[in-house]
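Asks: Let me give you the structure first, and then I'll get to my questions.
The values are calculated or read from the model by the stated rules, or taken from the named source; none is laboratory data. Just so we're clear, the structure is a prediction, and the values are computed from it rather than from any experiment. We place every Cβ from the backbone using ideal geometry, glycine too, and count neighbours over all the protein chains shown.
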Amino acid sequence: MKRIFLTLISLFACLHSFTQIVSIPDANFKAALLANPLVNTNFDTEIQVSEAVAFNGILSFSYNSISDLTGIAAFVNLTGLICIGNQITSLDLSSNLALTSLDCPGNQLTNLNISANTALSKLYCSQNQLTSLDVSANTALTVLICNMNQISSLDVSSNTALTQLNCMVNQITSLNLNNHAALKFLYCNNNQLNTLNLNGATALEYLQCSNNDDYTFLNLSGLANLSTMNCINSPSLQCIQVSNVAAANANSNWTKDATVA
């Protein structure tokens, strides 16, 4: 009987040793996960891999002083991530293929890997330190908010489902929105634009492109839905091409420098 009892203890210890625990080095991140009963379903002091895999909702932990999201890869069925106002410098979501929404403004991101997240439809990554942003694989994107970074080049040619783009306060020199027929709202002010191509953006309703020093010509012809436009403080801009000059001049919601024809 004693031998059987000892064997059962050994078996329990063996099974316990094979329980897979998610490695989460950031204490604040781990504490936030442990405090979430939808994640920590057994209410212990670790997050098991099985718990991470079973979770298929939105994780939200803003202003938690988190600097490292190592361990997020285990949440393979995660659909949404909100991590506003932390100190995260790098974020790799290449294992989170079910992700449809990412909200990570106000961190210290210099690297954001979303190259595998083809289901991603909404991306908010403003107020970080990104110098580049690769969204070429994110063809389902409808909302892209990446303002107040240090991005010098933004290629959205594969993101033709976009309805809203906010890339203001960066260092972007060229922006091609050709064939973006779904786009309604564009904020690209306070960049270094020398080229702004809006050919085919026929649904565009709101355009904010002020405070760009380098572009000399702006073609707004064919944009019949454009009700609001602001291009002031663009000293090199000389001409705006429109389909209806009288209607453009009569629109009080169109704002331009007096020197622009």
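Asks: From 227, 210, grab the single residue that is under 20 Å from residue 126 (Cβ atoms), modelled with pLDDT of 90 or more and among the small types (Gly, Ala, Ser).
Replies: 210
Asks: If you don't mind, there's one more thing I want to ask. Could you tell me whether any residue of segment 167-184 is under 16 Å from the mean Cα position of the chain (by Cα), more than 23 Å from residue 215 (Cα to Cα) and in the same structural domain as residue 206 (by TED's automatic domain parsing)?
Replies: No, the conditions are met nowhere in segment 167-184.
Asks: Among the residues of segment 152-160, are any farther than 21 Å from residue 29 by Cβ and of a type in the set (A, V, I, L, M, F, W, C)?
Replies: First pass over segment 152-160, keeping only residues farther than 21 Å from residue 29 by Cβ: 152-160.
Add one more test, that the residue is of a type in the set (A, V, I, L, M, F, W, C), and what stays is 154, 156.
Checked segment 152-160: at least one residue is farther than 21 Å from residue 29 by Cβ and of a type in the set (A, V, I, L, M, F, W, C).
Asks: Here's another thing I want to ask about it. If we scan segment 142-151, do we find a residue that is over 24 Å from residue 171 (Cβ atoms), part of a loop (DSSP other than H, G, I, E, B), in contact (Cβ under 8 Å) with a residue 24 or more places away in the chain and not assigned by TED's automatic domain parsing to the domain that holds residue 27?
Replies: Going through segment 142-151, the residues over 24 Å from residue 171 (Cβ atoms) turn out to be 142.
Subset that is part of a loop (DSSP other than H, G, I, E, B): 142.
Next, from what is left, pick out any that are in contact (Cβ under 8 Å) with a residue 24 or more places away in the chain: 142.
When the remaining residues are screened for being not assigned by TED's automatic domain parsing to the domain that holds residue 27, the result is 142.
Yes.
Asks: Looking at segment 37-51, which of its residues are surrounded by fewer than 17 Cβ atoms within 10 Å (Cβ to Cβ) and under 26 Å from the mean Cα position of the chain (by Cα)?
Replies: 38 - this is the single residue of segment 37-51 that is surrounded by fewer than 17 Cβ atoms within 10 Å (Cβ to Cβ) and under 26 Å from the mean Cα position of the chain (by Cα).
Asks: Let me ask something else about it. Looking only at segment 216-231, how many residues end up being among the β-branched types (Val, Ile, Thr) and in a loop (DSSP other than H, G, I, E, B)?
Replies: The qualifying residues number 1.
Asks: If only one of 146, 125 is buried (at least 16 other Cβ atoms within 10 Å of the Cβ) and over 30 Å from residue 239 (Cα atoms), which one is it?
Replies: 125
Asks: Looking only at segment 185-209, count how many residues are in a strand (DSSP E or B) and either among the aliphatic types (A, V, I, L, M) or under 21 Å from the mean Cα position of the chain (by Cα) (or both).
Replies: Final tally of qualifying residues: 7.
Asks: Count, please, the residues in segment 149-166 that happen to be under 21 Å from residue 214 (Cα atoms) and either surrounded by 15 or more Cβ atoms within 10 Å (Cβ to Cβ) or in contact with a Ser or Thr (Cβ under 6 Å, 6 or more places away or on another chain) (or both). Walk me through how you get there before you give the answer.
Replies: Applying the first criterion (under 21 Å from residue 214 (Cα atoms)) to segment 149-166 yields 149-156, 165-166.
When the remaining residues are screened for being either surrounded by 15 or more Cβ atoms within 10 Å (Cβ to Cβ) or in contact with a Ser or Thr (Cβ under 6 Å, 6 or more places away or on another chain) (or both), the result is 149-151, 154, 156, 165-166.
Adding up the residues that qualify gives 7.
Asks: Continuing with this model, one more query. Consider residue 242 against the criteria (1) hydrophobic (A, V, I, L, M, F, W, C); (2) loosely packed, with under 15 Cβ neighbours inside 10 Å; (3) more than 31 Å from the chain's Cα centre (by Cα): it satisfies all of them except one. Which criterion is unmet?
Replies: Only one criterion is unmet by residue 242, namely (2).
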